[in-house]
Amino acid sequence: MKRVGRYTISLETAPKIAGYASVVGKKEKEGPLGNEFDRSYKDTSLGESSWEKAESRLQKEAVEIALKKACINAKDVDIIFAGDLLNQCISSTFGLRSLNIPFLGQYGACSTMAQTLALAALFVESGTARIAAAVTSSHFCSAERQFRLPLEYGGQRPPTAQWTATASGSVIVVPQTTVIAQEQVKTKSSKETDSLEKTPVITEVCIGKITDMGIKDANNMGAAMAPAAAQTILDYLSDTHTTPSDYDLIVTGDLGYVGSNLLLQLMEQEGVDVSKVHNDCGKMLFDRKKQDVHAGGSGCGCSASVLCSKLLNDIKSGKLNDILFVATGALMSTTSSQQGESIPSIAHLVRLKGI
Amino acid sequence: MKMTKDVYGKMAKQASPPSTFVKNSVMAFLFGGAICTIGQGILEGYLMLGMDVKNARAAVSITLIGLAAILTAFKVYDNIAKIAGAGTLVPITGFSNSIVSPAMEFKSEGHVLGLSAKMFIISGPVLVYGIVSSIIYGIILYIISLF
């Protein structure tokens, strides 16, 4: 592990992702990535008595499936980094309390997936953990009642508002040298079919700085977060002396349509053209025309579920080889918004490669 | 980045699509008008049943509040309101929805601290400022009547 430039940390052993999983709700399943998820629920309450319980279960199941796919037992995991949007991160603490894994709660708003993944990778890289897990979740209904209005309230959402994803994504990180049972089974049984399958590894992380360009509208978080994403990407490119064309994809967290547009403009003004390789999890998760999501998806679960389905699937299949995953978060609360404060934002970057 | 807050604020405003003003206004007019017409119809009905005007008017309000509460409970009201906007918000039906929807939402926190305490989170301010302004209006009216 060494620092590159001012902000970037290079992981020389490139820890690998041994397993990952995504669990989503009905609307996400009906979206363009519907077939990529590991599990989905038609009933957004998951049969639970509260939305908070439903979200907790999303998170627990995402971890359980990811562990199962990695052929790892929960008792062997050295640390789990988890976070969500609810006050005191209750989806994480209540969802994961039965797993008996050393736990560090994280809050990075919608950037939490990159934050937890970066920490898991750093812990494995440094040898602090042999197996580290990262998980985040969000739930449309639990987020609405905490941040906005009751579900059945008859209001209109402005066109810049984004739709909180009901989803969770989890990643299990181990050293590259660890041979997991799954691979042993594979090499014995189906050498030919799986010989082309690649392993996703984490080679660099770049922790973002809090950026605030004075946007106050809590219904326009894409605009608030775009400068944070631009700043982190610029810092990373400058640290590593690379250009956007060196990557197959630069995927931002959940800027949605408004924020993505602004990101491209901000980057262009800095003389960097990312338009050819840029996409956004908030744009990928839902079908804007059919699904009435206004400016796209958002929430911790948005970037988490897109990463733990489409993105990692594509790295495994070789469609993507080298991507920058830049999850973005708006770090305000209902209190700060009501007191008229602007929205501080953050973006963390994780570079993922298929080897 | 070289960007200043002012410049970015303008950039963000330009990149953010505004609400569809004309469409929203037309929908509010049509739905709001329809609710008032239904109210008038109900009033005529009560009058035909032999109720006096004063009681019939109160009964119309009660009926509309009840209908909106039922539609909210069946999770229909918000779907209409998404299209109707101010058309369903401004009439008394909107008031009903603003009380029933938090009551439903916060039931999971119990009947005392959840349902009943949170019932007025949206309509509470309307009640406070409605009552305050009616008091001020009453005082002004009283002073005028002295001369």
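When the criteria are applied in full, B:L49 meets the requirement of being exposed (fewer than 15 other Cβ atoms within 10 Å of the Cβ), more than 23 Å from the chain's Cα centre (by Cα), of a type in the set (A, V, I, L, M, F, W, C) and away from chain A (no Cβ under 14 Å). Entry remark, the range A:269-307: residues being among the hydrophobic types (A, V, I, L, M, F, W, C) and over 13 Å from A:V251 (Cα atoms) number 5 in total. I'd like to check something: does the range B:70-93 contain any residue that is of a type in the set (D, E), farther than 20 Å from A:S49 by Cβ and surrounded by 18 or more Cβ atoms within 10 Å (Cβ to Cβ)? Yes, the range B:70-93 contains at least one residue that is of a type in the set (D, E), farther than 20 Å from A:S49 by Cβ and surrounded by 18 or more Cβ atoms within 10 Å (Cβ to Cβ). Selection of the range A:206-222 for residues being assigned to a strand (DSSP E or B) and over 18 Å from the mean Cα position of the chain (by Cα) yields only A:T211. Is one or more of the residues making up the range A:99-120 without any contact (Cβ under 8 Å) to a residue 40 or more places away in the chain, of a type outside the set (G, A, S) and on the phi > 0 side of the Ramachandran plot? Yes, the range A:99-120 has at least one match. Among the candidates A:S317, A:S298, the residue that is touching a Cys at 6+ places or on another chain (Cβ under 9 Å) and among the hydroxyl-bearing types (S, T, Y) is uniquely A:S298. Residue count for the range A:144-182, restricted to those that are within 14 Å of chain B (Cβ to nearest Cβ) and either of a type in the set (S, T, N, Q) or part of a strand (DSSP E or B) (or both): 5.
B:F120 meets all of the listed conditions (1) loosely packed, with under 15 Cβ neighbours inside 10 Å; (2) outside any helix (DSSP H, G or I); (3) under 22 Å from the mean Cα position of the chain (by Cα); (4) not acidic (D, E) but one, namely (1).
Can B:A117 be described as in contact (Cβ under 8 Å) with a residue 24 or more places away in the chain and out of contact with any Asp or Glu (no Cβ under 6 Å at 6 or more places or on another chain)? Against the criterion (in contact (Cβ under 8 Å) with a residue 24 or more places away in the chain and out of contact with any Asp or Glu (no Cβ under 6 Å at 6 or more places or on another chain)), B:A117 does not qualify. Within the range A:217-272, the residues that satisfy the criterion of being out of contact with any Phe, Trp or Tyr (no Cβ under 9 Å at 6 or more places or on another chain), over 22 Å from A:I315 (Cβ atoms) and of a type in the set (D, E, K, R) are A:D217, A:E268, A:E270. Of the residues that make up the range A:196-207, is at least one touching a Pro at 6+ places or on another chain (Cβ under 6 Å) and modelled with pLDDT of 95 or more? Yes, the range A:196-207 contains a residue that is touching a Pro at 6+ places or on another chain (Cβ under 6 Å) and modelled with pLDDT of 95 or more.
So in the range A:65-95, with the set limited to residues that are within 16 Å of A:G19 (Cβ to Cβ) and without any contact (Cβ under 8 Å) to a residue 40 or more places away in the chain, which one is surrounded by the most Cβ atoms within 10 Å (Cβ to Cβ)? Among residues in the range A:65-95 that are within 16 Å of A:G19 (Cβ to Cβ) and without any contact (Cβ under 8 Å) to a residue 40 or more places away in the chain, the one surrounded by the most Cβ atoms within 10 Å (Cβ to Cβ) is A:A74.
The values are calculated or read from the model by the stated rules, or taken from the named source; none is laboratory data. Remember, it's a predicted structure, so these values are computed and weren't measured experimentally. So basically every Cβ, Gly included, is an ideal-geometry build from the backbone, and we count neighbours across all protein chains shown.
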